[in-house]
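Below is one structure, written out as structure tokens, with a few remarks after it.
Bear in mind that the values in this text are calculations on the coordinates, not laboratory data. Values in this document were obtained by computation on a predicted structure and should not be read as measured data. FYI the Cβ positions are ideal-geometry reconstructions off the backbone, even for glycines, and counts take in every protein chain you see.
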């Protein structure tokens, strides 16, 4: 199936969350999709929503392979109910979104998170049955006084992709390489030269191509 033949329908709706309804968008997938995908957005207190450009491009990369792809707003963002909970409650929001995808499609799930979405989403996703792979985009390691630890990923055997820019404001290349080196195979670390945390200036196409190509290899390996 070519990209032009893939369904373009986008469904806007709400899914039940632990703090109230969560605003969501679903890019329709192909009838024979082998997996579904979830993409989580950056920090809501700094303007992050499911409409973020990085989130959009990641979702389109998955959907280009016919995967039904869910985006949602964390509690307190957009039209989602509840209030920001410093990442604690947001991890439960991720679990709720994964549960909805599983109930809706009963397919293996690719999890992806950008920035805060990766920082809070990777751990609950890695511990959820039925997750097939993990994608971390703009993986944050140090944000002001907040430090993110990814030691829980060291024993995760599923495929893992980490993609960031070499000018990322919240993780140095050395920090990212240290995280990646401690992970078990299969894994891929892609550093996009010249890109900052938001894949500017002009590196969103490179991000999308990286995720799309990695997804193609992942699907071929199944």
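Principal semi-axes of the equivalent ellipsoid, √(5λ) from the alpha carbon gyration tensor of the stretch 5-131, are 22, 15, 13 Å from largest down. Ordering of 212-221, 157-166 by packing is 157-166, 212-221, highest average first (other Cβ atoms within 10 Å, averaged per residue).
Could you let me know the centre-to-centre spacing of the stretch 134-157 and the stretch 63-94, using Cα atoms, in angstrom? What the calculation gives is 18 Å, centre to centre.
Shown here: Cα extents along the principal axes in Å, derived from the displayed model; of the candidates (1) 67, 35, 31; (2) 41, 40, 35; (3) 56, 34, 26, it corresponds to (2). Expressed to the nearest 5 percent, the antiparallel share of DSSP beta bridges inside the chain is 35 percent. Select from 103, 112, 33 the residue whose mean-square fluctuation is largest in a Gaussian network model of the chain (Cα-Cα springs shorter than 10 Å). Sorting by GNM fluctuation, first place goes to 103. Peptide packing for 113-121, 24-32 was compared via the average number of neighbouring C-beta atoms within 10 Å per residue; ordered from the highest value, the list is 113-121, 24-32.
Expressed as a whole percent, how much of the Cα-Cα distance distribution for the stretch 84-149 exceeds 15 Å?
Working: 1090 of 2145 pairs.
Pairs farther apart than 15 Å: 51 percent.
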